[in-house]
Amino acid sequence: MTIDVSKISGTPEEVEQAFGLNAKTLGLWRHQGKGPRYCKVGRKVLYKFVDVEEFLDRNKVQTKDSIGL
C-alpha cells in the first residue's frame, strides 16, 4: 500500500505506513497524553502529517556523529 504524503492528514494506520510509527503505539500515546497532536471527529482519529513531522523533529537525538565530534 502506498501512502500519498501530499494528503493533509491520515489515520493512525496511514501514519504507520508513511512514518513507521506503530499504530498501536500511537494509540497508547494518545491514552497517555503523549505523541504527535491529533484530531478526533466522532470516533475517527486523524493526524495532520505536518504535526507528525514536527513531533519527529522535536524528538531528534543528537549523537556525536551528528555534531561532528
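Observations on the model:
- Rounded tilt (10° steps) of 23-32 against the dominant C-alpha axis of the chain: 90
- Under 5 Å, built H, 5+ apart or other chain: amide partners of SER9: PHE49
- Dipole magnitude for the chain: computed about the Cα centre from +1 point charges on Lys and Arg Cβ and -1 point charges on Asp and Glu Cβ, it is near 400 debye.
- Among the listed pairs LYS7/LYS60; LYS7/LYS34; LYS24/LYS44; LYS7/LYS40; LYS40/LYS60, those whose Cα-Cα separation exceeds 20 Å are LYS7/LYS60; LYS7/LYS34; LYS40/LYS60.
- Take every pair of alpha-carbon atoms less than 8 Å apart whose residues are at least six positions apart; their mean separation over the length of the chain yields a relative contact order of 30 percent.
- Residue-wise HN-Hα coupling along the stretch 51-65, computed from phi with Karplus coefficients 6.51, -1.76, 1.60 (Hz; x: Gly, Pro): 5, 5, 4, 5, 4, 5, 5, 5, 10, 5, 9, 8, 10, 4, 5
- With 0.36 nm allotted per residue and the present C-alpha distance subtracted, the ASP57-ARG43 stretch has 2.2 nm of extension available.
- Kirkwood-based shape ratio for the chain, expressed as Rg/Rh from alpha carbons: 1.05
We did not get these values from a lab; they are worked out from the coordinates using the rules stated. Just so it is clear, the model here is predicted, and its values are computed rather than measured. All Cβ positions, even for glycine, are placed from backbone atoms using ideal geometry, and neighbour counts span all protein chains on display.
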